[in-house]
1. Whether any residue in the range 175-188 is surrounded by fewer than 23 Cβ atoms within 10 Å (Cβ to Cβ), closer than 19 Å to Gly50 by Cα and more than 17 Å from the chain's Cα centre (by Cα) is what I want to check.
2. Hey, Cys113 hits all of (1) assigned to a loop (DSSP other than H, G, I, E, B); (2) under 18 Å from Glu198 (Cα atoms); (3) among the hydrophobic types (A, V, I, L, M, F, W, C); (4) open to solvent by 10 Å² or more (accessible area, probe 1.4 Å) but one; which does it fall short on?
3. List, please: which pairs have Cβ atoms under 6 Å, are six or more places apart or on different chains, and start with a residue in the range 141-169 that is within 17 Å of Asn106 (Cα to Cα) and at pLDDT below 95 and end with one that is open to solvent by 30 Å² or more (accessible area, probe 1.4 Å) and not acidic (Asp, Glu)?
4. Tell me yes or no: at least one residue of the range 160-170 is over 18 Å from Leu118 (Cα atoms) and loosely packed, with under 15 Cβ neighbours inside 10 Å.
5. If you take the residues of the range 121-132 that are more than 15 Å from Met194 (Cβ to Cβ) and hydrophobic (A, V, I, L, M, F, W, C), which of them is surrounded by the fewest Cβ atoms within 10 Å (Cβ to Cβ)?
6. Looking at Ile219, Ile205, Ile183, which one is at pLDDT below 95 and either β-branched (Val, Ile, Thr) or in contact with a helix residue (DSSP H, G or I) (Cβ under 6 Å, 6 or more places away or on another chain) (or both)?
7. Report every pair of residues separated by at least 6 positions or lying on different chains whose Cβ atoms are under 7 Å apart, first residue within the range 25-47 and closer than 18 Å to Leu213 by Cβ, second among the basic types (Lys, Arg) and open to solvent by 90 Å² or more (accessible area, probe 1.4 Å).
Amino acid sequence: MTARIGVVTFPGSLDDRDTQRAIRLAGAEPVALWHKDKDLKQVDAVVLPGGFSYGDYLRAGAISRFSPVMDTVIEQAKAGLPVLGICNGFQVLTEAHLLPGAMLGNDHLHFICRDQKLRVENAETAWTGDYRAGQEIHIPLKNMDGRYVADAYTLDKLEAEGRVVFRYLDFNPNGSLRDIAGITNEAGNVVGLMPHPEHAVEPLIGTGRTDGLPFFTSILKKLVNA
């Protein structure tokens, strides 16, 4: 049976279709989920895509966190459902307290869009099994509120527990503390990152590489072997 991966669309989502395409290229079936609908349609995993949900009013992701679909996502994520938050989706995950810390405006106060070099720090999550720890990849990045922050205790805990999943290399594009580009929860089923792997799945687009495709093949293999 083909794995079914839901992609939530909020008002202002930009990259939901790109994410659906990446899922399809990986060999899974993308399932469109609407933010007002609590029904996840029996999907095997969920992606919260990038964009500017609700125009980033109040704070990026702050309103989306209270969308009806998030009640079900939060409940099922705590029960083990794999959830990936990309850029705005990462912001929603922190606002929903599925991941610790918060996302603030870039330290240089400008929107940034670039190909970003990352190092894979944790290849054991539900979404990173097809990478190897220490691997260096290039993934497109585009954000205005991408600065990851947390108190020193939380940062030390993330480091000690191996929950930093990706780290910026060569250049920190937004002032994120300890160069953190992505993190996971304790169980490893929820992952959030600021760069956009769905834009690096075909040679003709994004970075011209396919460094983002393993996100989607990783979860597919995880689900098939579960």
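The values are calculated or read from the model by the stated rules, or taken from the named source; none is laboratory data. On a predicted model such as this, the values are computed, not experimentally measured, just so you know. Neighbour counts run over all protein chains shown; Cβ positions are idealised from the backbone, glycine included. Surface accessibility is based on the protein's heavy atoms, side chains included, excluding ligands, DNA and RNA. Shrake-Rupley method; radii C 1.70, N 1.55, O 1.52, S 1.80 Å.
1. Checked against the condition, which is being surrounded by fewer than 23 Cβ atoms within 10 Å (Cβ to Cβ), closer than 19 Å to Gly50 by Cα and more than 17 Å from the chain's Cα centre (by Cα), the range 175-188 yields no hits at all.
2. With respect to (1) assigned to a loop (DSSP other than H, G, I, E, B); (2) under 18 Å from Glu198 (Cα atoms); (3) among the hydrophobic types (A, V, I, L, M, F, W, C); (4) open to solvent by 10 Å² or more (accessible area, probe 1.4 Å), Cys113 is out only on (1).
3. Here the result reads Met144/Phe111, each pair linking the range 141-169 to a residue that is open to solvent by 30 Å² or more (accessible area, probe 1.4 Å) and not acidic (Asp, Glu).
4. Checked against the condition, which is being over 18 Å from Leu118 (Cα atoms) and loosely packed, with under 15 Cβ neighbours inside 10 Å, the range 160-170 yields at least one hit.
5. Taking the candidates together, the pick is Ala123.
6. Step by step, each of Ile219, Ile205, Ile183 is checked, and only Ile205 is at pLDDT below 95 and either β-branched (Val, Ile, Thr) or in contact with a helix residue (DSSP H, G or I) (Cβ under 6 Å, 6 or more places away or on another chain) (or both).
7. Within 7 Å, the pairs are Pro30/Arg24.
Residue-wise test of (1) open to solvent by 60 Å² or more (accessible area, probe 1.4 Å); (2) more than 26 Å from Pro82 (Cα to Cα); (3) within 15 Å of the chain's Cα centre (by Cα); (4) of a type in the set (Asp, Glu).
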position	(1), (2), (3), (4)
Asp107	yes, yes, no, yes
Leu118	no, no, yes, no
Gly134	no, no, no, no
Ala150	no, no, no, no
Asp156	yes, no, no, yes
